[in-house]
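**Student:** Handing you a structure now.
The values are calculated or read from the model by the stated rules, or taken from the named source; none is laboratory data. Since we're looking at a predicted model, the values are computed, not measured. All Cβ positions, even for glycine, are placed from backbone atoms using ideal geometry, and neighbour counts span all protein chains on display. Side chains are part of the model used for accessible areas, which takes the heavy atoms of the whole protein and leaves out ligands, DNA and RNA. Shrake-Rupley method; radii C 1.70, N 1.55, O 1.52, S 1.80 Å.
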Amino acid sequence: MPLLVEGRRVRLPQSAGDLVRAHPPLEERARLLRGQSVQQVGPQGLLYVQQRELAVTSPKDGSISILGSDDATTCHIVVLRHTGNGATCLTHCDGTDTKAEVPLIMNSIKSFSDHAQCGRLEVHLVGGFNDDRQLSQKLTHQLLSEFDRQEDDIHLVTLCVTELNDREENENHFPIIYGIAVNIKTAEIYRASFQDRGPEEQLRAARALAGGPMISIYDAETEQIRIGPYSWTPFPHVDFWLQQDDKQILEVSNHCQ
């Protein structure tokens, strides 16, 4: 079934800017989100989601009330919510395997047994900017296309990505919004930054750095974070690279690509 905005089928492919201009409510919601001040979110009741992770829970959760993620540049943060049972999934997508990740996001919501009750699926996409390599544009297109290919009706409620999330300073482009949070109880989505990115921030980040696929990190039934074993190959000359500053690493990375 199609990806819908205000009950109408989304025409794809088209840029994020063209899409919101065709649907004024989308444009207004993006403007309001950009205009918010950034809220500092503390660790109480928070489950922080890192790159290539997803977490899903519902308002019944006694431990988690907020899902959030930040540090998104070309990455997009995706929130999928069922309005009937309140089941909410937040994930941080980097374009590694969007075709496999979107069904994973969908299935995480469907895993709640009362999915069939009244309500609808709503998706919110935030992140990216007008980067020189057009990685954001590519990821925006991938996400919209894959959600449009799913069997269920999915209602696009928020689209604040790529050119809609871009600011220019001294001829350089930067994202406006780097992070968002969603309140599981109230469904509120807002700009956010996070003091605490745990538990086990470094260990979890190492899994993504090693090239692991997207995984679900939270068991809502037991209210426990669960991350399975993973492995990685040796990083050659790691001692050398740890001694380099950010500018040197970035220059080499851009040259290699």
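**Student:** Which count do you get for residues in region 191-233 that are touching a Ser or Thr at 6+ places or on another chain (Cβ under 9 Å) and assigned to a strand (DSSP E or B)?
**Tutor:** The number of residues fulfilling the criteria is 6.
**Student:** Collect the residues in region 31-54 that are closer than 21 Å to Phe147 by Cα and touching a Cys at 6+ places or on another chain (Cβ under 7 Å), keeping them in residue-number order.
**Tutor:** Gln51, Leu54
**Student:** Tell me, which residue of region 68-86 that is open to solvent by less than 10 Å² (accessible area, probe 1.4 Å) and not in a loop (DSSP other than H, G, I, E, B) is nearest to His141 (Cα to Cα)?
**Tutor:** His76
**Student:** How many of the residues making up region 148-198 are under 19 Å from Ile66 (Cβ atoms), over 13 Å from the mean Cα position of the chain (by Cα) and of a type in the set (Lys, Arg)?
**Tutor:** Selection size over region 148-198: 2.
**Student:** Please pick out the residue among Leu135, Leu139 that is open to solvent by less than 40 Å² (accessible area, probe 1.4 Å) and within 30 Å of Lys110 (Cβ to Cβ). Give the steps one after another, and end with the answer.
**Tutor:** Numbers: Leu135 fails: open to solvent by less than 40 Å² (accessible area, probe 1.4 Å).
From the options Leu135, Leu139, the qualifying one is Leu139.
**Student:** Something else: Given the criteria part of a loop (DSSP other than H, G, I, E, B), under 19 Å from Asp196 (Cα atoms) and either touching a residue at least 24 places away in the same chain (Cβ under 8 Å) or touching a strand residue (DSSP E or B) at 6+ places or on another chain (Cβ under 7 Å) (or both), does Pro59 qualify?
**Tutor:** no
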